[in-house]
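The values are calculated or read from the model by the stated rules, or taken from the named source; none is laboratory data. Model, not experiment: these values are computed from the prediction. Here the Cβ is made from the backbone with ideal geometry for all residues, glycine too, and neighbour counts use every protein chain on show. Only protein heavy atoms, including side chains, enter the accessible area calculation; ligands, DNA and RNA are left aside. Shrake-Rupley method; radii C 1.70, N 1.55, O 1.52, S 1.80 Å.
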Amino acid sequence: MKTLIYSLLVCFSTFITAQKRPSDFFNNPKTKVLIVGSFHFDYPNLDAHKTEKSEQVDVLEPKTAKEVTELVEYIKKFKPTKIAIEAWPKWNANQKLKEYSEGKYRDKRDERYQLAMRIATELKLNEIFSIDASSVWNDLEKRFGKQDSTYFNALSQDYDFQSNDAVSNQYTAFFKNAEPKNFKSLLESFKYMNSKEFHQYEYGAYLTGDFKLREHDGADMLSLFWYNRNLRMFRNIQSIPHTSEDRILVIAGNGHASVLRQLFTSSPEYEFVEFSSLNDKNKQ
């Protein structure tokens, strides 16, 4: 009897261990992607979270400029072969990259110059891909807004990221704590705000506050406006010519990074590289 039970246990164990893991079905070579979520170095303050003047850092100031160099050197450990940035095609990134390589724009605070173009120039990459996109909300509003302004105005009413509920107030403290001035260096602040835990809670910010407007208006606005824009940005990155040997560096506002993390970690075609892992050669 004991022998029979033992045999059944062995058979059951063999059956269990023989089951393939979900990832075993997607063992094709994957293109590595590093998403670097950034605050906007020139502080246009167009996002929901506004940074007060007293909390802003000047990346051209000598001490902070050294920290930018440290950050650039750290990101270069990824050894990107392609660089994508949050920019519209009409921004003419490649013309600006050519001019940057000739010495222009060194006094610009914008992270697209301070990080992306500097890294591209130092690594002798002669092309940068602009991946920003309008959302389907913008397209629909342009196409049908005048025909049915009542519908569009009603749907977007009060969708202004100005909620004052308890969780929204927690997020105010959350984002204020992440200001670069609260860290000993830019690199440390980037490691913090590009962590898995930070992105998880930052992503959650979109699921509170205005998300709860009326029955479904907040959810519809999020999907039509913000989430759709990020899906289109992801699609633009997919469209960058690449092979499994390429290493794609994406530099964008950190709000985009939290969504892009979700998309790239779910995609069977890419390997998401953690920002904090760049010192670990075995994880690159």
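One residue stands out in the stretch 24-39 among those that are in a loop (DSSP other than H, G, I, E, B) and either in contact (Cβ under 8 Å) with a residue 24 or more places away in the chain or touching a Gly at 6+ places or on another chain (Cβ under 6 Å) (or both): the one that is nearest to TYR270 (Cα to Cα), namely LYS30.
The condition of being without any contact (Cβ under 8 Å) to a residue 12 or more places away in the chain, of a type outside the set (D, E, K, R) and out of contact with any helix residue (DSSP H, G or I) (no Cβ under 8 Å at 6 or more places or on another chain) does not hold for PRO89. In the stretch 102-128, the residue that is nearest to VAL68 (Cα to Cα) out of those that are free of Cβ contacts under 8 Å to residues at least 24 places away in the same chain and of a type in the set (Ser, Thr, Tyr) is TYR113. The lone criterion from (1) open to solvent by less than 70 Å² (accessible area, probe 1.4 Å); (2) in contact with a strand residue (DSSP E or B) (Cβ under 8 Å, 6 or more places away or on another chain); (3) of a type outside the set (Phe, Trp, Tyr); (4) outside any loop (DSSP other than H, G, I, E, B) left unmet by ASN230 is number (2). With a requirement of 2 or more residues that are open to solvent by 60 Å² or more (accessible area, probe 1.4 Å) and among the aromatic types (Phe, Trp, Tyr), none of the helices (runs of 4 or more DSSP H) lying completely within the stretch 47-126 satisfies it.
Figure legend. Inter-residue proximity from the stretch 63-82: first residues among the basic types (Lys, Arg) and at pLDDT 95 or above, second residues open to solvent by 60 Å² or more (accessible area, probe 1.4 Å) and assigned to a helix (DSSP H, G or I), beta-carbon distance below 9 Å, spacing 6+ or different chains. Indicated pairs: LYS76/GLU122; LYS77/LYS281. Comparison of THR243, THR265, THR172 shows that the only residue that is outside any helix (DSSP H, G or I), among the β-branched types (Val, Ile, Thr) and open to solvent by 10 Å² or more (accessible area, probe 1.4 Å) is THR243. Do we find a residue being within 20 Å of ILE119 (Cα to Cα), out of contact with any strand residue (DSSP E or B) (no Cβ under 6 Å at 6 or more places or on another chain) and open to solvent by 60 Å² or more (accessible area, probe 1.4 Å) anywhere in the stretch 247-257? Checking the stretch 247-257: not a single residue is within 20 Å of ILE119 (Cα to Cα), out of contact with any strand residue (DSSP E or B) (no Cβ under 6 Å at 6 or more places or on another chain) and open to solvent by 60 Å² or more (accessible area, probe 1.4 Å).
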